[in-house]
Amino acid sequence: MNLKLVKSLAEIINNLTPEEKQLLGKMINLIQDNNQPENQSWHEFIENTYGSIQDETFVRHYQGNFE
């Protein structure tokens, strides 16, 4: 298990709005088994892109209210 990746993802998820968390849950099937084949591409994407932005000043800007 990559604890650095897990910590980073937890930080990102904790900064999401409730609406974003709900949408994310639907997108990655948090309630279901995430090891299902249809979820593998999401896991591969996260593993391949994690840490790719080296600029420490890079932050997610306010996105407004999701409707």
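The values are calculated or read from the model by the stated rules, or taken from the named source; none is laboratory data. Values in this document were obtained by computation on a predicted structure and should not be read as measured data. Quick reminder, even Gly has a Cβ in these numbers, built from the backbone with ideal geometry, and neighbours come from all protein chains shown. Surface areas here come from the heavy atoms of the whole protein model, side chains and all, with no ligands, DNA or RNA. Shrake-Rupley method; radii C 1.70, N 1.55, O 1.52, S 1.80 Å.
The table that follows gives values for the structure above.
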{"item": "Subset of region 43-67 that is acidic (Asp, Glu) and more than 22 Å from LEU23 (Cβ to Cβ) - its residue that is most open to solvent (accessible area, probe 1.4 Å)", "result": "GLU56"}
{"item": "Close pairs from region 33-62: first among the aromatic types (Phe, Trp, Tyr), partner at pLDDT 80 or above and part of a helix (DSSP H, G or I), Cβ under 6 Å, at least 6 apart", "result": "TYR50/LEU5"}
{"item": "Answer residue from region 41-62, given it is of a type outside the set (Val, Ile, Thr) and assigned to a helix (DSSP H, G or I) and is nearest to LEU3 (Cα to Cα) among those", "result": "GLU47"}
{"item": "Qualifying positions in region 13-26 - loosely packed, with under 12 Cβ neighbours inside 10 Å, part of a helix (DSSP H, G or I) and at pLDDT 80 or above", "result": "ASN14, PRO18, GLU19"}
{"item": "Conditions (1) modelled with pLDDT of 80 or more; (2) of a type outside the set (Lys, Arg); (3) touching a helix residue (DSSP H, G or I) at 6+ places or on another chain (Cβ under 9 Å): number failed by PHE45", "result": "(3)"}
